[in-house]
Structure formats: structure tokens, C-alpha cells
1. For the stretch 89-111, check the following and say yes or no: at least one residue is out of contact with any helix residue (DSSP H, G or I) (no Cβ under 6 Å at 6 or more places or on another chain), touching a residue at least 60 places away in the same chain (Cβ under 8 Å) and farther than 22 Å from Gly133 by Cβ.
2. Just the residues that are part of a helix (DSSP H, G or I) and open to solvent by less than 50 Å² (accessible area, probe 1.4 Å), please, taken from the stretch 108-122.
3. Within the stretch 124-133, does at least one residue satisfy the condition of being in contact with a helix residue (DSSP H, G or I) (Cβ under 7 Å, 6 or more places away or on another chain) and either modelled with pLDDT under 85 or open to solvent by less than 30 Å² (accessible area, probe 1.4 Å) (or both)?
4. Being under 25 Å from Asn127 (Cα atoms), part of a loop (DSSP other than H, G, I, E, B) and open to solvent by less than 30 Å² (accessible area, probe 1.4 Å) is the filter here, so list the residues in the stretch 34-80 that pass it.
5. Only one residue in Leu2, Leu98, Leu84, Leu106 is touching a strand residue (DSSP E or B) at 6+ places or on another chain (Cβ under 7 Å), more than 23 Å from Lys185 (Cβ to Cβ) and either modelled with pLDDT of 75 or more or not aromatic (Phe, Trp, Tyr) (or both). Which one?
Amino acid sequence: MLHAMTTEPEQQIGVGTQDAFQRLWTPHRMAYIQGENKPTGPEAGDGCPFCGIPEMSDQDGLVVARGEHVYAVLNLYPYNGGHLMVVPYRHVADYTELDAAETAELADLTKRAMIALRKASGAHGFNIGMNQGAAAGAGIAAHLHQHIVPRWGGDTNFMPVVGHTKVLPQLLADTRQMLADAWPKD
């Protein structure tokens, strides 16, 4: 936990071999790694954030668009700027548990997310997918969610390779507004 923050670089002992590189820290990722906002169990009432987000305002929940069966929300711990998830309102863990209307709307909002991301940020490509179960890497395995991660040519620059970090150039609230404004209408 950070107790004090400074704006000036400072010498830190124990952070590795001195290599003349300055470090950019992404402490928000540590909150995710340590389990912040993760449910305490598999049921909807066990603190599932995906069940709570629909009760929030769009701004507070980082919701970009709402459908009848699913909604699109920014990832609070993004891999890239604009990292969205499409989430069913119903608390289900497995893709095979979705009914036909939920499946169709999940696909539709995924397409709309791609259109909005291209319009708002000029995304060149996307990683789209879902991790089914904790063994497959699902951070919140009890509530299905599909990731839409925008990609740009050259976005795997020196930062992830050298600094083991990503640089997000925009606050999540600003990204949410930009994508909501770019979201295609019916």
C-alpha cells in the first residue's frame, strides 16, 4: 500500500539491478492481483461486481452501453486503453448457460463495441474472447464476461518488454464517455 507519493524520482533500494532505467509503476494492477473487487464465492450474492455494476449510474459503473440482456463496461484493470467487457445481467458462469436472446445480444454488443472503438480510437485490431473457469484464467469465473481489447500497430512497444508495464493515456471516466459518445445507435 502506498503511504506517500512524490512527484520527484527517488533512489529505491531493492528494486533490482541498477540499469539506468526509470520505473513506471502501475499500482492499480496490484489491487487486482490481490483480489480487490473479486467475489467471495460463486453465487450472485457473494459480492459479484458484475451483478452490482448494473445498479450503478453509467459513470460510476463505467458502463458504456446497456442492452436488454447484457451490458458493455470498461475493465477496471485494463490491458489496453478502451478494454471493454460485454457481460450478461444474469449471473451465469458458462457460455452454454446463456439463452438464445442473451447469446445474440452478447454478439451484437461485441460488434457495436468494435465499431465504437474503431470510431473513437482508431483501433487497428482486437483481441476478443472469454476465459471459462478459473483454470482457464478467468479472474471472476462465476460470472461470464467477454473481453474486447483494442489493439494498434506497434502497441507492443518497449514498455511491456523493458518496463513490464502498459501506459494508459487516458482516465477511465474519459474513455467511458468517449466510447459512449461513439457507440452506434440501433
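The values are calculated or read from the model by the stated rules, or taken from the named source; none is laboratory data. If you're wondering where the values come from, they're calculated on a predicted model, not measured in any experiment. Cβ placement follows ideal geometry from the backbone for every residue including glycine, while neighbour counts extend to all protein chains displayed. Only protein heavy atoms, including side chains, enter the accessible area calculation; ligands, DNA and RNA are left aside. Shrake-Rupley method; radii C 1.70, N 1.55, O 1.52, S 1.80 Å.
1. Scanning the stretch 89-111, I find no residue that is out of contact with any helix residue (DSSP H, G or I) (no Cβ under 6 Å at 6 or more places or on another chain), touching a residue at least 60 places away in the same chain (Cβ under 8 Å) and farther than 22 Å from Gly133 by Cβ, so the answer is no.
2. Just the residues of the stretch 108-122 that are part of a helix (DSSP H, G or I), to begin with: 108-121.
Hits for the stretch 108-122 are Leu109, Thr110, Arg112, Ala113, Met114, Ala116, Leu117, Ala120, Ser121.
3. no
4. Gly35, Cys48, Leu62, Gly67, Asn75, Tyr77, Pro78, Asn80
5. Values: Leu2 fails: touching a strand residue (DSSP E or B) at 6+ places or on another chain (Cβ under 7 Å); Leu84 fails: more than 23 Å from Lys185 (Cβ to Cβ); Leu106 fails: more than 23 Å from Lys185 (Cβ to Cβ).
Within the list Leu2, Leu98, Leu84, Leu106, the selection yields Leu98.
Yes or no, residue by residue, for (1) under 18 Å from the mean Cα position of the chain (by Cα); (2) modelled with pLDDT of 90 or more; (3) surrounded by 11 or more Cβ atoms within 10 Å (Cβ to Cβ); (4) on the phi > 0 side of the Ramachandran plot:
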| site | (1), (2), (3), (4) |
| --- | --- |
| Ala138 | yes, no, yes, no |
| Asn157 | no, no, yes, no |
| Val162 | no, no, no, no |
| Pro169 | yes, no, no, no |
| Leu172 | yes, no, yes, no |
| Arg176 | yes, no, yes, no |
| Asp186 | no, no, no, no |
